[in-house]
Amino acid sequence: MAYIAPSVLSADFGNLERDLEMINSSQADWFHIDVMDGMFVPNISFGFPVLNAINKVAKKTKDVHLMIEKPERYLNDFKNAGADILSVHYEASTHLHRTLEAIKNLDMKAGIALNPHTSVDLLEDVLSIVDLVVIMSVNPGFGGQKFIENTYDKIKKLKELILKKSASTLIEIDGGVNLQNASKLVECGADVLVAGNTVFSSENPTETIAQLKLI
C-alpha cells in the first residue's frame, strides 16, 4: 500500500484552510508542497509566509519539493517553516552530496527529484544517504499535465538500483497520477503517490484519497 500525498498546489486557495483540514481528516499520509521560483521552472508558487500558514494547520508529514535554483541557500528556512522531508532537484544542485548531508543535519529527511529526462543511474553514488527519490512523471512547473509513459520503466530501473545498494529509499511519483494508473505505478515499485488534480477536482476528494489508499 502506497503513501498518498495530496498536492497542495491543486487546492482552492480561496479556501485553503478548508482543503488542508480535509487532508488532515482523510486517509492521506503526507502533504505535498511544491515550491517554485520562476527560474528553475516557469512558474512561481509558495513563499515562506504561505508555508508557515500551512504548517499551522497541517497535522501530517510535510513533504516539500523544491523546484528552485541553488536550494542550499534556504535549507534552514524550510526547516523553520515546518518541512519534514525536503527534496531538491538533481539538476539544480551543483554540490548535491553536500546539500543532502546539510538537509539531514537539520533533522529532515532528504530527497532528490529528477526531471523526466534525467537518468536514475546518476543517483548511484548518493543513493545510500537519500530517503526519497521524486520521479517527475510530467515536466515540472504546472499541474494537470499529461503523464509521461516512460515513467513505468524508470521506476523499475530505480527499484533495481535501490535493491542493489541495499538502500531503504522510497520512490515518489509526482505528476499525472490518477485512479487509472496508480495501480500500475505501485506494481512497478512506487511507494508514494502525489495526487493533485485527481484529488481536488473530484466531487468527493476524501473518497478519492480513500480509493487511492486501497491500491
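Any idea which residue in segment 186-207 is surrounded by the fewest Cβ atoms within 10 Å (Cβ to Cβ), counting only those that are free of Cβ contacts under 8 Å to residues at least 40 places away in the same chain and of a type outside the set (Ser, Thr, Tyr)?
The extreme case among them is Glu203.
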List, please: which pairs have Cβ atoms under 7 Å, are six or more places apart or on different chains, and start with a residue in segment 69-88 that is exposed (fewer than 15 other Cβ atoms within 10 Å of the Cβ) and end with one that is assigned to a loop (DSSP other than H, G, I, E, B)?
Asn76/Leu106
For segment 105-121, what are the residues that are within 23 Å of Lys164 (Cα to Cα), under 19 Å from the mean Cα position of the chain (by Cα) and loosely packed, with under 15 Cβ neighbours inside 10 Å?
His117, Ser119
Do we have any residue at all in segment 142-155 that's surrounded by 17 or more Cβ atoms within 10 Å (Cβ to Cβ) and in contact with a His (Cβ under 6 Å, 6 or more places away or on another chain)?
no
Breaking point among (1) farther than 19 Å from Gly111 by Cα; (2) not in a loop (DSSP other than H, G, I, E, B), for Phe31:
(1)
In segment 110-135, what residues are within 20 Å of Gly189 (Cα to Cα) and either basic (Lys, Arg) or part of a loop (DSSP other than H, G, I, E, B) (or both)?
Asn115, Pro116, His117, Thr118, Ser119, Glu124, Val126, Val130, Asp131
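Do we find that Val88 is within 23 Å of Cys188 (Cα to Cα) and β-branched (Val, Ile, Thr) in this structure?
Taking the combined requirement at face value, the residue does not satisfy it.
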Out of segment 160-191, which residues are over 19 Å from Pro6 (Cα atoms), in a loop (DSSP other than H, G, I, E, B) and out of contact with any strand residue (DSSP E or B) (no Cβ under 9 Å at 6 or more places or on another chain)?
Lys165, Ser166, Ala167, Ser168
Is it the case that some residue within segment 91-103 is surrounded by 14 or more Cβ atoms within 10 Å (Cβ to Cβ) and under 12 Å from the mean Cα position of the chain (by Cα)?
no
Just one of Asp174, Asp131 is of a type in the set (Asp, Glu), surrounded by 19 or more Cβ atoms within 10 Å (Cβ to Cβ), farther than 16 Å from Ala195 by Cα and touching a residue at least 24 places away in the same chain (Cβ under 8 Å); which is it?
Asp131
Take the residues in segment 1-36 that are among the aromatic types (Phe, Trp, Tyr) and modelled with pLDDT of 95 or more; name whichever of them is farthest from Asn55 (Cα to Cα).
Tyr3
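The values are calculated or read from the model by the stated rules, or taken from the named source; none is laboratory data. Note that the coordinates shown come from a computational prediction; the quantities given were computed from them, not determined experimentally. Reconstructed Cβ throughout: ideal geometry from the backbone, glycine too, with neighbour counts over all protein chains shown.
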